[in-house]
Amino acid sequence: VLGIAVNQICFLIGLSLTSASHAALVIGLTPFMVLALALFRGHEVFTSNRAIGLVVAVCGMLLLQKPSPSAQSASLLGDLLILGAGLSFAAYTVFGKELAAEHGGMAVIAVSYVAGGIFLLPMTLWMASRFDFRAVSTQAWLAFGYMTIVSSVLCYIGWAYALKRLSASRLTAFSYLQPLVATLLALPMLGEPITLTLVSGGGLIMAGVFLSERA
């Protein structure tokens, strides 16, 4: 429910309320949240550098909320929902790591999709009954297919495979690439501008997460 349903509800609604570049940078806090939960579960050790990293990363997120004439599509509510998506996935990763060690990564993924599907089924049926599928363009269906097959199924299978073989905090360190790639793609594909606020806030978030992970 956390890794599939809550994560995607927060992410997609949040993405509709903020910019792609903001979403990519805020979701970059996920590795830190995984680390925080791992510390709470006794899987990691808390250090002063990790505390400093937290402060730096939070300052970066706050800086992203600075009003910018060229970033009207971004909003605090949208960024907070994206943060909720990261938190739900962090919980899924940490607790999933414990389950994967006992039952195997593929079993965790299978149960996750079944539980997430059951949780979302009532909302899906209700929204489908009010939705005009004929209005969806071919391009949109192709994008939906990519999100379903590549971003969801294949990526979650890869995540489950790695989850059994790496620590939760080390695994999520690869999430550093997500904000960079998503922001770089948003610039030419969506025409989102590069602003000083975006660069400064994003830099602080990445620096904070890096400090926490390297401590």
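What number does the stretch 2-52 give for Rg over Rh if you use C-alpha atoms and the Kirkwood radius?
Working: Rg = 13.8 Å, Rh = 12.6 Å.
Rounded to two decimals, Rg over Rh is 1.09.
For Ile13 and Trp141, compute 0.36 nm times the residue count separating them, minus their Cα-Cα distance, and round to one decimal in nm.
Values: separation 128, 0.36 × 128 = 46.08 nm, distance 1.88 nm.
Stretched fully, the Ile13-Trp141 segment lengthens by 44.2 nm.
Computed from the coordinates by the stated procedures, all read-outs in this text should not be read as laboratory data. As the structure is a computational prediction, the values presented were derived from the model and not from experiment.
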